[in-house]
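Below: one structure, written as structure tokens.
The values are calculated or read from the model by the stated rules, or taken from the named source; none is laboratory data. If you're wondering where the values come from, they're calculated on a predicted model, not measured in any experiment. When we count neighbours, we look across all protein chains shown, and the Cβ atoms used for this are built from the backbone with ideal geometry, even at glycine.
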Amino acid sequence: MINLLKIVFSALLVFMCYKVIATSLESNLFDQWDFLGSIPWMRATLWDFYANIFIITLWMLYKEKSIILKISVTILFVCLGSIATLAYVLVHLYRLKEGEGIKELLVKR
């Protein structure tokens, strides 16, 4: 199961990096912000994104001991979204020892 998660999360990370880079080359978010901010679904999507980031950040704050790491990762989550989340989870997946599973991934500090 852990190996499958590593593959799926790695593929998602590559895809999201590609998608963000390709979209950034095609369209400048800051130039279109006024228009995008006027779309109700865009505002709802942002609220949804930050609600998810809040939940993921609470989990990360539980797992991590270093205050510097907690602050740094929180900033990365807010700025990079799923790219930072996928990278964070992948780091923890690769840190698991032989025989450890989902429980250790989620609750081990």
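Against the test of being assigned to a helix (DSSP H, G or I), at pLDDT 95 or above and among the hydroxyl-bearing types (Ser, Thr, Tyr), the options Thr57, Thr45 yield a single qualifying residue, Thr57. Just one of the listed residues (Leu29, Leu12, Leu25) is among the hydrophobic types (A, V, I, L, M, F, W, C) and modelled with pLDDT of 95 or more, and it is Leu12.
Those residues that are assigned to a helix (DSSP H, G or I), hydrophobic (A, V, I, L, M, F, W, C) and farther than 16 Å from Ala87 by Cα, I need them from segment 1-34; list them, please. Matches in segment 1-34: Ile21, Ala22, Leu25, Trp33.
Note on segment 62-109: among residues that are in a loop (DSSP other than H, G, I, E, B) and of a type in the set (Asp, Glu), the one that is surrounded by the most Cβ atoms within 10 Å (Cβ to Cβ) is Glu64.
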